[in-house]
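One structure is given here, and the rest of the page talks about it.
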Amino acid sequence: MISDSRKIRDWLKLYTVPHIGIIGCLRLIRQFGSPAEVFKASKDQLLALENVGPKVVEAIGRGGDEALCDRQQKLFEQGSFKFMTVSCPEYPDKLKNIYDPPPFLYLEGDESCLFEPTIAIVGSRSLSVYGKRMAEKLASELAQAGLTIVSGFARGIDSIAHRAALEAGGKTAAVFGSGLDVIYPPENKAIYRNLVLNGCALSEFFLGVHPDRHHFPRRNRIISGLSLGVIVVEAGEKSGALLTAEHALEQGREVFAVPGNITSKTSSGTNRIIKEGAKLVTCAEDVLEELKFIIPIKKSREPEQVAELSDDRRQVYDLLSDEPQHIDKIVKKANISVSQTLEIMLDLELTGLVEQLSGKMFVKRF
């Protein structure tokens, strides 16, 4: 990490020089070693580099956007953020080795989770009950198996994956499409507080930057770049989650997808990429089996709450599944009274093992 305010400012200045961009910034750093040395370089040294013409040399000579750098430093000092550059030893190797890694990242939380085995779980913002169940199940089991769950902090599958990983006692990393001080969506503020205590949040966007539709494709390459593979849980044909899968393929990562109902629009994208070669996933073991030659994996464990259930509650719990079931059906299968079944279901809800849907329908969470 960089804590020296002058060095942070040099990185910000270089990044705000017009006509350079991400790739140009990376090339200059590789050539000269640091932003400070880039600004010290002579015109002849700069012009000797490939793709550096007089226009770029002139822009470097003028320096970056000083006013913007002033605002960034003020915001940075007001928060508990860290500043990690591609030159730092803490910068994850997986991300560093993609074609266009961010020259620097703002970060909050414990970055060590990025050096654990990582898997991305992404999907649609408009999710079904089935998609929610599968995202929860996969994120929970994979987090318990020792993987850090990476996602994009968006509504829908992303938020479900972060929350399930945390509830399972695991680690998760959120990649923002805005500045880290702009929590979006705003209803995720509670998740964010827990996330930075049990993982980290990171962004290549300046502090104060609000989300924009053009930001999310850039964010997606970081999600896949940080991960050994990407699991697409539910996605329509135009879902941004499919862009993350495309980035994963370009970066040499594994691509997994959860199959869905062939008549469902929210599964049309996942079903298509399975036909095109994505590995079909129905449980965490499918992912763990694929990754076993890359990393040592701990077997996922049964949630502690399940192991502590009494016999009658375990009996009812075992009758449930990812498919919603009406209370009448559960009563019939359990062969106990309605009042007793409802009492058990309430206990299971309170322990977080079961969720009640509308119409007295129940699903197992783990």
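Values for this structure:
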{"quantity": "Too-long pairs where the Cα-Cα distance tops 29 Å, listed order kept, from Lys279/Lys364; Lys55/Lys82; Lys132/Lys275; Lys74/Lys238; Lys292/Lys360; Lys13/Lys96", "calculated": "Lys55/Lys82; Lys74/Lys238; Lys292/Lys360"}
{"quantity": "J(HN,Hα) series, the range 141-149, from Karplus relation 6.51 cos²θ - 1.76 cosθ + 1.60, nearest Hz, glycine and proline x", "calculated": "5, 6, 5, 5, 7, x, 8, 7, 8"}
{"quantity": "Share, in percent, of DSSP beta bridges within the chain that are antiparallel, nearest 5", "calculated": "40"}
{"quantity": "Cα coordinate range in the range 196-335, projected on the principal axes (Å, largest first)", "calculated": "57, 40, 38"}
{"quantity": "Net +/- balance of residues flanking Arg218 in space, Cβ distance below 15 Å, scoring K and R +1, D and E -1", "calculated": "-2"}
{"quantity": "Sites excluded, GluC sites (Glu not before Pro) in DSSP loops with at most 16 other C-beta within 10 Å, longest stretch of the chain", "calculated": "91-236"}
{"quantity": "For the range 256-366: rounded, prolate or oblate by the Cα gyration tensor [a/c cutoff 1.5]", "calculated": "oblate"}
{"quantity": "Asp100-Lys43 FRET efficiency (beta carbon distance; Förster radius 35 Å; 0.05 resolution)", "calculated": "0.85"}
{"quantity": "Sites Leu249 and Glu323, calculated FRET efficiency, Cβ-Cβ separation with R0 41 Å, nearest 0.05", "calculated": "0.80"}
{"quantity": "Distribution of pairwise C-alpha distances over the chain, 20 Å bins, in %", "calculated": "28, 50, 19, 4, 0"}
{"quantity": "FRET efficiency estimate (nearest 0.05) - Cβ-Cβ, Gln73 to Phe115, R0 25 angstrom", "calculated": "0.35"}
{"quantity": "Charge tally in the Cβ shell below 10 Å around Glu108, where Lys, Arg are +1 and Asp, Glu are -1, Glu108 excluded", "calculated": "-2"}
{"quantity": "Placed amide H near Val255: partners under 5 Å, 5+ positions off or other chain", "calculated": "Val230, Lys279"}
{"quantity": "Potential lengthening between Lys7 and Asn335 on full extension [0.36 nm per residue; Cα-Cα distance subtracted]", "calculated": "111.1 nm"}
{"quantity": "5 angstrom amide H check on Val209, placed H, neighbours 5+ away", "calculated": "Gly179"}
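Throughout, read-outs are computed from the coordinates displayed, never taken from laboratory work. Remember, predicted model here, so these are calculated numbers, not experimental data. Note that we place each Cβ from the backbone using ideal geometry, even for glycine, and neighbour counts take in every protein chain shown.
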